Amino acid sequence: MIARVLVIILCSHCVCGQSAHAIRIHFLYGSRPHPAYKESEKRWFGGRLGGHVGIEYAPGRVLSFVPRGRFHLFSRPRNVHSAFAVHAVSEFYSIFGADPGSVKSAIVTIPLKPSQRSLVDSIVYTYRSQTPYDYALIGMRCAAATYDILAHSGVVRKYRPLKTIWKIFYPRKLRKLLFRKAEAKGWQVDWQPGSTKRKWDRD
């Protein structure tokens, strides 16, 4: 169902016949209920600056960084309450309890070299086995964690953990960075517009 509605293409240089090494970064936009629907639409964590990010590292399998257990305001490296979870695509798009076809989203397809593909696979296995950091409001969250994986795979510049946290503090920061790279490199970007019952974050 998702594939039928993702019809708007950012780049004219469509990456058709995409390499099997490619990964896809899925962005779910943050939002709040439109005033006319505030009684029927739920509030989402983070509001318009929230949202969620995941990496489709294998067909139909989306990895995302999520809280697990008590939510921490500040990161606690010795008391990690987080996990890298794997979702089916439809499950990932339902993470806020909404119909998948009603969520505003963007997907960036990133071609990888074989060596980068091997790094992604290794990182996914390692991070799923043992989460490397805590999930916290002032700390690593989904956008920074996605950036971390891309940085360790050689897709984006690597920063120290604190710099990653502050530069990629919420999903819009990562979206805009990847959109710029997509335009420069000819990566494919697909959009889904989202329900008019909600006010969505913008780029």
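The values are calculated or read from the model by the stated rules, or taken from the named source; none is laboratory data. Values in this document were obtained by computation on a predicted structure and should not be read as measured data. Quick reminder, even Gly has a Cβ in these numbers, built from the backbone with ideal geometry, and neighbours come from all protein chains shown. Accessible surface areas use protein heavy atoms only, side chains included; no ligands, DNA or RNA. Shrake-Rupley method; radii C 1.70, N 1.55, O 1.52, S 1.80 Å.
If we scan the stretch 114-135, do we find a residue that is open to solvent by 10 Å² or more (accessible area, probe 1.4 Å), closer than 30 Å to Pro33 by Cα and touching a Leu at 6+ places or on another chain (Cβ under 9 Å)? Among the residues of the stretch 114-135, not one is open to solvent by 10 Å² or more (accessible area, probe 1.4 Å), closer than 30 Å to Pro33 by Cα and touching a Leu at 6+ places or on another chain (Cβ under 9 Å), which makes the answer no. Selection within the stretch 55-98: residues that are within 17 Å of Pro132 (Cα to Cα), open to solvent by 70 Å² or more (accessible area, probe 1.4 Å) and of a type in the set (A, V, I, L, M, F, W, C). The member of this set that is farthest from the chain's Cα centre (by Cα) is Phe74. Set side by side, the residues Ala151, Ala184 differ, and just one is in a helix (DSSP H, G or I) and open to solvent by less than 20 Å² (accessible area, probe 1.4 Å), which is Ala151.
Looking at the structure I just gave you, is Lys158 open to solvent by 80 Å² or more (accessible area, probe 1.4 Å) and either at pLDDT 95 or above or assigned to a loop (DSSP other than H, G, I, E, B) (or both)? So Lys158 fits the description; yes.
Checked against (1) in contact with a Phe, Trp or Tyr (Cβ under 9 Å, 6 or more places away or on another chain); (2) touching a residue at least 40 places away in the same chain (Cβ under 8 Å), Val62 passes all but condition (2). Considering (1) open to solvent by less than 30 Å² (accessible area, probe 1.4 Å); (2) in contact with a helix residue (DSSP H, G or I) (Cβ under 9 Å, 6 or more places away or on another chain); (3) assigned to a helix (DSSP H, G or I), say which one Val189 fails and leave the rest. Against the list (1) open to solvent by less than 30 Å² (accessible area, probe 1.4 Å); (2) in contact with a helix residue (DSSP H, G or I) (Cβ under 9 Å, 6 or more places away or on another chain); (3) assigned to a helix (DSSP H, G or I), Val189 comes up short only on (3). Of the residues Trp187, Trp200, the single one that is within 17 Å of the chain's Cα centre (by Cα), within 30 Å of Ala36 (Cβ to Cβ) and touching a residue at least 60 places away in the same chain (Cβ under 8 Å) is Trp200.
Filtered by the rule that a residue be of a type outside the set (Ser, Thr, Tyr) and touching a residue at least 60 places away in the same chain (Cβ under 8 Å), the stretch 88-98 gives Val89, Phe92, Ile95, Phe96, Ala98.
Restricting the search to the stretch 128-143, which residues are in a helix (DSSP H, G or I) and touching a residue at least 60 places away in the same chain (Cβ under 8 Å)? Arg128, Cys142, Ala143, listed by residue number.
Every residue, every condition in (1) small (Gly, Ala, Ser); (2) free of Cβ contacts under 8 Å to residues at least 60 places away in the same chain, yes or no:
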| position | (1), (2) |
| --- | --- |
| Gly46 | yes, no |
| Val53 | no, no |
| Tyr57 | no, no |
| His72 | no, no |
| Pro77 | no, yes |
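Here Leu174 clears all of (1) over 15 Å from Leu63 (Cβ atoms); (2) open to solvent by less than 30 Å² (accessible area, probe 1.4 Å) except the condition numbered (1). With respect to the conditions (1) touching a residue at least 60 places away in the same chain (Cβ under 8 Å); (2) out of contact with any His (no Cβ under 8 Å at 6 or more places or on another chain), Ala85 lacks only one, and its number is (1).
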